[in-house]
Amino acid sequence: MIRQLLRAGWLSILLYFVAAFFLLFQGGKTSLMLFVILNALIIYLVLGRWSGVTGAQGTRFLDVGDSSRAILIAGMRLKVKIKMYIPGVWPLPYIIVKEKLVRTTGTDSQVYELSFIPDYRRRGEISYETAPLRRGRYQFHATDCSTRDIFGLFEHRGSFTDPMNIQVLPRTIELKDWNMFRRSQRGVFQHTLSSLWARETTQIDGVREYIHGDRLSRVHWNATAKTGQWKSKEFEREALPRVVFVLDRNREAYKSLEQFELAVSVAASLLQLITIKDMPIGFVSAGQNAMWFGEDRTIVHREHVLQHLIDVEADGTLSMGQLLCEVAERFEPGIQIVMIGASIDEDIVAAINALESHRMVPSVIHIGQMHSSEDQTVQLRKWQRLCESKQWDFCTVSQLENLPRVLGVAVS
């Protein structure tokens, strides 16, 4: 690039001297006109450096709002509009705008190049729509602007930044219920559930709206007097048996990126259901960064897990069997373990037996493929028969839309 600029510079100097000598030694109107045109061209090209492109200004607007933070669902497209202003007075034939949207949680990026002709106020705008976005976090890099002179000889560049953070949540499907809740009416899980789920302590946890039928002893008289509306006391509940989700992030377990994305979507959908049911949860995923939500009976908030699911990748080396052995050691007895993944290895059987020895109830949600080979189908059936023989809750899903059906529920 530098060599080409030097060559063009020397060529321009040579051309200028040729025109000057032609005027001095030849004379006449033709040589004078040629020399004047060449000087006018040089002045135009030199003044083009102050075209104003280097000081370009712009503001980006999204269809989800003009805030600096946007939240989308995986698979959605983002509509973008940029309003620009080019300072200065030098005429500009056109402006080329180059945008780059980068997925910060991976290596994906999208580049968009558009152009516009500034109006008499040196303003203009461009609009475009992105390709469907994957789950993750996105940021816009600096927006590059460029233009050329009317002869196309020299290019002038500039850029501006308008930072925006975009979060793309995993896809979910709304669920009403889960057959596991009804099947768990037997055994340790339901025994603990029935005795602790609705039992309240005498410790006041807050104030809620009065519900017709509440006893007078539940009425919060101070809050009622302050607000002028009936208020009732909300009591803390005793520790409930939790549903702990274990997401398999072993990179060797998944045959495609779509299969892992389905596992994340299933986990997010079930997490949403458990949150609606107001049941305590835990969440475990082990990859490059292992996360143990709910360890040592700590309270888990859905938003924290959801933020983790935005960033999670299939980058782990720990097998599901090894991960379950750690779960058995770190969590309390009497919980429901829900395994979400594509692994059907034999070492999982030993790990599940370890869970049962700790009075934990296992449940398996297998993430299948749209088109499985005959060997994979035979292996999956064998694994399913094994789970049924041990009375482990088992289901397999290959599409998110089929999740309500395989769970034995309907979409709300």
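What the table below lists for this structure:
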{"read-out": "Tilt relative to the chain, helix 374-389 - C-alpha long axis, 0 to 90 degrees, to 10", "value": "30"}
{"read-out": "Rounded FRET efficiency, nearest 0.05, which uses the C-beta distance separating F21 from S115 and R0 of 35 Å", "value": "0.30"}
{"read-out": "Per-q log10 I(q)/I(0), the stretch 21-160, q = 0.19 Å⁻¹ (Debye; single scatterer per alpha-carbon; no solvent)", "value": "-1.07"}
{"read-out": "Degrees, to the nearest 10: 257-276 long Cα axis against longest axis of the chain", "value": "50"}
{"read-out": "Spin-label zone in the stretch 104-146 - amide nitrogen under 12 Å from a point set 7 Å from the Cα of T161 along the C-beta vector", "value": "140-143"}
{"read-out": "Sequence of H358, H371, H304 from largest to smallest accessible area, 1.4 Å probe", "value": "H371, H304, H358"}
{"read-out": "Leading residue at positive end of dipole, the chain (Cβ point charges), from Y85, H301, G334", "value": "Y85"}
{"read-out": "Nearest 10 degrees, 0 to 90: helix 2-26 Cα axis against the chain principal axis", "value": "20"}
{"read-out": "Stretchable slack from I211 to S256, in nm (0.36 nm times residue separation minus alpha-carbon distance)", "value": "11.2 nm"}
{"read-out": "Net charge over other residues, Cβ less than 9 angstrom from the Cβ of D315 (K, R count +1; D, E count -1)", "value": "+1"}
{"read-out": "Heavy atoms of F35 accessible to a 1.4 Å probe, total area in Å² rounded to 10", "value": "40"}
{"read-out": "Average projection area in nm² (convex hull over Cα atoms of the stretch 246-347, one quarter of hull surface)", "value": "6.3"}
{"read-out": "Rounded to the nearest 10 Å², the accessible area of R249 at probe 1.4 Å", "value": "10"}
{"read-out": "Length-normalised contact order of the stretch 64-183 in % [C-alpha pairs under 8 Å, at least 6 apart]", "value": "33"}
{"read-out": "Qualifying lysines (Cα of each under 20 Å from Cα of K81; at least 8 residues distant if same chain)", "value": "K98, K100"}
{"read-out": "log10 of Debye I(q)/I(0), alpha-carbon scatterers only, for the stretch 268-412 at 0.09, 0.13, 0.19 Å⁻¹", "value": "-0.29, -0.62, -1.43"}
{"read-out": "Per-peptide average of other Cβ atoms within 10 Å, ordering 383-392, 307-316 highest first", "value": "307-316, 383-392"}
{"read-out": "Among beta bridges that DSSP assigns inside the stretch 229-345, antiparallel share in %, nearest 5", "value": "20"}
{"read-out": "T59, T30, ranked by accessible area, largest first (probe 1.4 Å)", "value": "T30, T59"}
{"read-out": "Largest-first ordering by accessible area, 1.4 Å probe, given options R7, R123, R135", "value": "R7, R123, R135"}
{"read-out": "The chain, accessible area per residue, ligands and nucleic acids excluded (1.4 Å, Å²)", "value": "56"}
{"read-out": "Whole-number D in µm²/s for the chain (Stokes-Einstein; Kirkwood sum over Cα pairs; 4 °C, 1.567 mPa s)", "value": "48"}
{"read-out": "Derived scalar couplings ³J(HN,Hα) [the stretch 142-148; Karplus, 6.51 cos²θ - 1.76 cosθ + 1.60; whole Hz; x for Gly, Pro]", "value": "4, 7, 8, 10, 8, 8, 10"}
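The values are calculated or read from the model by the stated rules, or taken from the named source; none is laboratory data. Since this is a predicted model, take the numbers as computed values, not measurements. Because the Cβ atoms are built from the backbone with ideal geometry, glycine has one as well, and the counts that use them run over all protein chains shown. In case anyone asks, the SASA skips ligands and DNA or RNA and just uses the protein heavy atoms, side chains included. Shrake-Rupley method; radii C 1.70, N 1.55, O 1.52, S 1.80 Å.
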